[in-house]
1. Where in the stretch A:15-37 does the label zone of residue B:159 land, with the point 7 angstrom along Cα→C-beta and an amide N cut-off under 17 Å?
2. Arrange A:33, A:194, A:222 by Cβ neighbour counts within 10 Å, fewest through most, would you?
3. Going by how many other Cβ atoms sit within 10 Å of their own, how do B:71, A:195 line up, fewest first?
4. Using Stokes-Einstein with the Kirkwood hydrodynamic radius over Cα pairs, what translational diffusion coefficient do you get for chain B at 25 °C and a viscosity of 0.890 mPa s, in µm²/s rounded to a whole number?
5. Where the centroid of each part is defined by its Cα atoms, how far is the stretch B:106-173 from the stretch A:2-23 in Å?
6. Projected area of the stretch B:106-173, taken from the Cα convex hull and averaged over every viewing direction, in nm²?
7. Just want the ordering: A:227, A:170, A:190, from fewest to most Cβ atoms lying within 10 Å of their own Cβ.
8. Return the average number of partner chain Cβ atoms within 10 angstrom of each residue Cβ along peptide B:149-159.
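We did not get these values from a lab; they are worked out from the coordinates using the rules stated. All values reported here derive from a predicted model rather than from experimental measurement. Counting neighbours? That spans all protein chains shown, and the Cβs are built from the backbone with ideal geometry, glycine included.
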């Protein structure tokens, strides 16, 4: 075995796993040739460098949300091939029919949803569980939601107006997971609940429930409910700023 | 209640990183890789009824690979072929960049100069740890072809890296 042949074999195997017959020949050559020994060492070093440094790309939270949304949409569109029991499908159909009927019977659901939002808001404060992701950086909070839910709510930071972003949590309002974005305002908290519009537009509303102030509205994409502390201070200011911001930075 | 949809998500969503990594190795561009992964998941969903295997990861990655290859046929300019891509202009790097980072960058550049076939076997064998047989069945080629392709890929990678380093040294002088 000559140098050239040894060199080629070493490169082709990254210096590892030669089969038995060749290994003897190569080892024989290496014992005699210091130049090829250093090539062999380089090849082994290269392999460990390659294993340590070769790129391992990770899917972004946005891609995760996108894939999840796509496969759920696809399923809704085409009807998913079913392995489930037929009676499950019938039951699911009934549940959907019932939900539709309720929505049709009670088109103005703003007040009821606001009541549920107030409940969640006050519970989060009394249980001292304001956020699941604590960050004042919208670029952290938004992707976090994208990974948790099948959508990403608009997250804006309005520090100059005295609303400091604290983070977000997933809340459940009428069996639907929604994004809850939490701000500190003076000594109190403001929670913005948001979920994508799905036929059920929340009407514009302004309520007082159990002492909390609530505003509701919807855009083309999302329904919004904002709940503020008991005295309602800053609520209207927050809603105006938030809506202005969305208008100048379309979601 | 465990319906088919949640079973699908449970089986395949955990492999999203691997799916994206494979697509990115083949296509190189982030946006292309994202589009391919999304399409692959839709294909997987449609073909899910036919999935009887025990290895959802390998099944998904095979679909990702096939989708990526259809993509390269649809948009051929995105793939660096055997003879092209050798004369990429070296990008300027700040001087403060550490030696390790610089070597890593050189490795990336060398990898991007390889043909997609070569990158793919390197990824599957060295990084993913697949066997020759697994690779052969996914690529639909004989085991011998996988072995020789891998040998040539390793050799080519080292040659390309040497070339990249040579250019870097020349630029410094």
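1. Those under the cut-off are A:15.
2. Lowest to highest Cβ neighbour count: A:33, A:222, A:194.
3. So the ranking, lowest neighbour count to highest, is B:71, A:195.
4. It diffuses with D of about 139 µm²/s by this estimate.
5. For the stretch B:106-173 versus the stretch A:2-23, the Cα centre distance is 17 Å.
6. On the way: hull surface 17.1 nm².
Answer in nm², one decimal: 4.3.
7. Ascending number of Cβ neighbours within 10 Å: A:170, A:190, A:227.
8. Values: counts 0, 3, 6, 2, 1, 11, 8, 2, 5, 9, 1.
Neighbouring Cβ atoms belonging to other protein chains average 4 per residue here.
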